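Q: My structure is below; once you've seen it, I'll send some questions.
The values are calculated or read from the model by the stated rules, or taken from the named source; none is laboratory data. Keep in mind it's a predicted model, so treat the numbers as computed, not measured. Virtual Cβ from ideal backbone geometry, glycine too; neighbours counted across all protein chains shown. For the accessible areas, the whole protein counts, side chains as well, though only heavy atoms, and no ligand, DNA or RNA atoms are used. Shrake-Rupley method; radii C 1.70, N 1.55, O 1.52, S 1.80 Å.
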Amino acid sequence: MAPAFRNNLITTAEQLEAVFSEPPIGNALTKEIDHINAAYRALIEAAPFFALATSGPEGLDCSPRGDPAGFVRVADEKTLLIPDRRGNNRMDTLRNILNDPRVALLFLIPGCSETIRVMGRASISVDPALAQTFLVEGKAPRSVIIVAVEQVFYQCAKAVVRSKLWDATRHVDRKSLPSAGTILAGLTGGKLGGAEHDRTAPERLKATIY
């Protein structure tokens, strides 16, 4: 027997519109523009973190990106430049962009309840001169993601307010959750990870962050 939550599924646009019959609320459409104006630029430049969603033949991906606020450079009102910092070399995002340039970005600003959403099409630059402009600790990114902006708007505060995301009294004690070493050990039958992995993690992160 199928779980109860698989009953009453919406499978057509007509069914969806019957459930959500009201028009978009308030300024839901008014706030959307096709370029980065001064207000949206200020918010993007204040964000030290965003999530980057891409799509490719192997499926969807959503990658966290972070650096000091301002690391996403607004080149002009239609263009964002993003340093592709050192990671795990899976290259899920970059492979997806090569197959499907459509991207979506969700910016988070600590202490700010509104988030910023940007949609557009991305390309990958390995121009050495451009990469050098993103130098940190003497290290340049191997590539820079260029986003041609198509849609920009702010998301209202409801999700962040409901989650109490920036409320320090609600922050979780990291030790109460499985560590990376614990997860790896469980996945590999103890062949990888474990306490030693966790013990050396801070130094490993320091050596490879850029």
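Q: Relative contact order for the chain: what percent, with Cα pairs under 8 Å and sequence separation of 6 or more?
A: About 19 percent, as a whole number.
Q: Which value, in Å to one decimal place, does the Kirkwood hydrodynamic radius take for the range 1-123 when every pair of different Cα atoms is included?
A: Evaluated over the range 1-123, this radius sits at 17.0 Å.
Q: Next question. With loop defined by DSSP as not H, G, I, E or B, and exposure as at most 12 other Cβ atoms within 10 Å, which is the longest segment of the chain clear of exposed GluC sites (Glu not before Pro)?
A: Answer - 59-136.
Q: Please work out the average accessible area per residue across the range 18-72, using the 1.4 Å probe convention, and give it in Å².
A: 60
Q: Between residue 136 and residue 5, how high is the FRET efficiency from 1/(1 + (r/R0)^6) when r is the Cβ-Cβ distance and R₀ = 45 Å? Nearest 0.05.
A: 0.45
Q: Starting from the Kirkwood Rh over alpha-carbon pairs, what translational D in µm² s⁻¹ does the chain have by Stokes-Einstein at 25 °C and 0.890 mPa s?
A: Taking Rh from Cα pairs, D becomes 122 µm²/s.
Q: Sticking with this one: Residues in the range 131-150 near a label at residue 75, defined as backbone nitrogen under 16 Å from the 7 Å Cα→Cβ point?
A: The answer is 131-135, 141-150.
Q: Ignoring ligands, DNA and RNA, what percent of the accessible area of the range 80-210 is carbon or sulfur (1.4 Å)?
A: Of all accessible area on the range 80-210, carbon and sulfur atoms account for 58 percent.
Q: Could I ask something else about it? Cα-Cα over 26 Å: which of 31/158; 175/206; 78/206; 31/164?
A: Table pairs above 26 Å Cα-Cα are 78/206.
Q: At 0.36 nm per residue, and after removing the present C-alpha to C-alpha distance, how many nm does the segment from residue 39 to residue 25 gain when stretched out fully?
A: Result for the pair: 2.9 nm of gain on full extension.
Q: Per the Kirkwood definition applied to all pairs of different Cα atoms, how many angstroms is the hydrodynamic radius of the range 114-182?
A: Result for the range 114-182, one decimal place: 16.3 Å.
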